[in-house]
Structures are given as C-alpha cells and as structure tokens.
Amino acid sequence: MIEQVDQLYQEALSNLKTAESSEALTSWYRNTLGTKGNIQLLTRQIGQLTKEERPAFGKRINEVKQALQEALDARTAEVKAVELEAEIAGGAIDVTLPGRRRANGRLHVATKTLREIYAIWADMGFQIYRSRDVETDEYNFELLNIPQHHPARDMWDTFHTTTPSVILRTHTSPGQIHAMREYYPEPIRVILPGMCYRYEQITARSEIQFHQIEGLAVGRDITFTDLKGTLTSFARRMFGQERKVRFRANYFPFTEPSAEMDVECILCNGSGCNVCKHTGWLEILGCGMVHPTVLKNGGYDPEEYSGFAFGMGPERIAMLKYGIDDIRYFWSNDLRFLEQF
C-alpha cells in the first residue's frame, strides 16, 4: 500500500510540473489533494490494513500531503509571476501617463448661499458678528420685548435645557442685544449669522434647526427709508438687478413698524406659478425699525438713536434661488442632491 502512495506521489509531482496556468493548478489540487482527490481517496483504504501496518501508512500519507502542498505553493508562485508578466506585456501600460485626478469636493449649497450673502453685506459696510447658540430666556425673549405673558412666544417654541431659563436660541435676534451692549455708544452695522433651533414638526418647509442671518444697523437719524433702500439693494444683488421688490406690513415684537419683504418670483417673473402660489411674489425676509424698548435694553437712548433690523433664512433663499422644494434635502447628506450645486 505504501508503494501505491509513492507511485501516486511521483505522478502528482510530474503532473504539477506541466500545470502552466492558475486554472490548471486548481484542477490539479482538486484531483490530487481535494476531498475526492487521489491521495484523499487512498486514505479510505486504511481499513484494509493490519493494525501493525496502519501507523506507517498514515505517517507516509501525511508526509506526501505536506510535500505536495509545498510543491503546489512553489509552483503557484511561479505560475502567477509568469501570468503577471504576460498581463503587463499584453496591457501595454504607459507608466508616463498622468494619474487619474481625484474628484474635488465642493461647498454645500447652504454654505455657498451663506458666503454669497456675507459678500453682499460686506460690500455694503456690514461686518459679521458671532453670537452664542445657547441663550438665556432673558436675552432670547425678555430683552427683545417678549415678556413671559406675551402671546408672541407661541411663535418660537424652543428646546429647553436642564438649567432653568437656559435654552437653545430660537432666532439670532438675541445677538442684537449682545452687539448693542458691546458697541455702545458707537454706530452699528452688523449681520449676525448662526444656527437656530425650534421644537416643531419636520416638514418639507420647516426643520428643527436651520441657519438664520440677522441684520442690525443703529445710529442717529436712521429711517425706514434707509431700511427699504438697503434691503432693496441686497435683493437685487442676490436675485438680479431688474428684480422687483415689495414690502408688506407685519408684526414682530422687537421692531416697530414691521414688515415682510417679497421679491418678484424668480421662476415665473411675476406671472404666477405653483412656487409663488400664483401671486407672483416670494417672501424672503422680515424686517422693521428697532423697537424703542429693544434699543433701551441694548443701552441706546431711543430719543437720540434709531435703527433697523432684518432676519432671513439662507436655506429658504437657496430654495427660492435654485428651485429646491424640500428643506430636508439640506440635512439628508444625499450626494445626488449635493452634487447639483
């Protein structure tokens, strides 16, 4: 029986030397060392041997298996080296060609819109003023003429913390008080960008967090005419020089008088469509003259100083400018959406 093992061993080595491809080596392994290979089938005959013959037979089988596996490994390395050389020669790789360029990243559409807004206001002499995201109830409401009993608080449902009267800001308007108290008695021309948080249902038109840009101008003899001229200039820089604008009376607790500003629909040019609800106009921001109480809380005498303020949502402006119909796209991290801008 051992002679038979040696004979199969010599035949297997001879066949291995003639295998010149990976497929041939796979076939050789299956026919020789596989579960149904010649060597494996030979071990099933061990029951025909006497008890004295079995140890020598088992030892020889193991030696043959190990020797054949080592021979297979060596032959595999040789065959793969030959195949690699053939593949390189056949592919005719030109190592002097330039490599493939990696795709460059790009700005998020919200960041792109924010920077565009920053540039426009910087050209008009406004500087960026950063304010904190976590506010006290006093700054977020009280000092902005929204006391505890005021029904306007229902417009700004927010996230509360475990510390009493400490909340996530619902708008960037608290930054007005910070800016006024820091710059008093000097004139102020600032925009206050940042994230706002509101505890409300997420829909195609509303999110629990969003960017907002507040604007504030305080000085002597500032009038509503200054507000209209400044915001009209911004809108035409943002949406086109021929774009029409209008102001509608509204109510905000921290401004008096207050208004909302609309621009002519950029999709239908005022003729009416689904986006503008067939009115021909799109709302872009709220604004008004700073309320005397807010000026006083900021340290300015309302008898000597006046000012205007405005607030806009960059995501909303981006939606109008690029025809985006769902605000949730800004936070979904979907490349199919982001790669369009």
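Observations, loosely collected:
- Set GLU135, GLU200: member being outside any helix (DSSP H, G or I) and touching a Pro at 6+ places or on another chain (Cβ under 9 Å): GLU135
- Hits in the stretch 221-238 - residues which are modelled with pLDDT of 95 or more and either outside the structural domain of ARG115 (by TED's automatic domain parsing) or not in a helix (DSSP H, G or I) (or both): ILE222, THR223
- Test for GLU70: is it in a loop (DSSP other than H, G, I, E, B) and either without any contact (Cβ under 8 Å) to a residue 24 or more places away in the chain or of a type in the set (Asp, Glu) (or both): no
- Residues within the stretch 261-292 that are assigned to a loop (DSSP other than H, G, I, E, B) and out of contact with any Cys (no Cβ under 6 Å at 6 or more places or on another chain), tallied: 13
- Here LEU295 fulfils each of the conditions (1) farther than 17 Å from PHE254 by Cα; (2) in a helix (DSSP H, G or I) apart from (1).
- Some residue of the stretch 296-310 being under 22 Å from GLU116 (Cβ atoms), aliphatic (A, V, I, L, M) and in contact with a strand residue (DSSP E or B) (Cβ under 8 Å, 6 or more places away or on another chain): yes
- Residue satisfying all of: in the stretch 47-67; assigned to a helix (DSSP H, G or I) and loosely packed, with under 13 Cβ neighbours inside 10 Å; nearest to the chain's Cα centre (by Cα) among these: GLN66
- Hey, LEU41 out of contact with any helix residue (DSSP H, G or I) (no Cβ under 9 Å at 6 or more places or on another chain), surrounded by 10 or more Cβ atoms within 10 Å (Cβ to Cβ) and not acidic (Asp, Glu) or not: yes
- Subset of the stretch 280-325 (residues that are touching a Phe, Trp or Tyr at 6+ places or on another chain (Cβ under 9 Å) and farther than 23 Å from ILE191 by Cα): TYR322, ILE324
- Residue within the stretch 161-172 that is within 23 Å of TYR251 (Cβ to Cβ), over 31 Å from the mean Cα position of the chain (by Cα), β-branched (Val, Ile, Thr) and at pLDDT 90 or above present: no
Rundown of residues vs (1) assigned by TED's automatic domain parsing to the domain that holds SER306; (2) crowded, with 20+ Cβ neighbours inside 10 Å; (3) farther than 23 Å from LEU231 by Cβ, yes/no style:
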residue: ALA119; (1), (2), (3): yes, no, no
residue: TYR129; (1), (2), (3): yes, yes, no
residue: ASN140; (1), (2), (3): yes, yes, yes
residue: PRO151; (1), (2), (3): yes, no, yes
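- Test for THR172: is it surrounded by 15 or more Cβ atoms within 10 Å (Cβ to Cβ) and among the hydroxyl-bearing types (Ser, Thr, Tyr): yes
The values are calculated or read from the model by the stated rules, or taken from the named source; none is laboratory data. Please read these numbers as outputs of a predicted model, since none were measured by experiment. We place every Cβ from the backbone using ideal geometry, glycine too, and count neighbours over all the protein chains shown.
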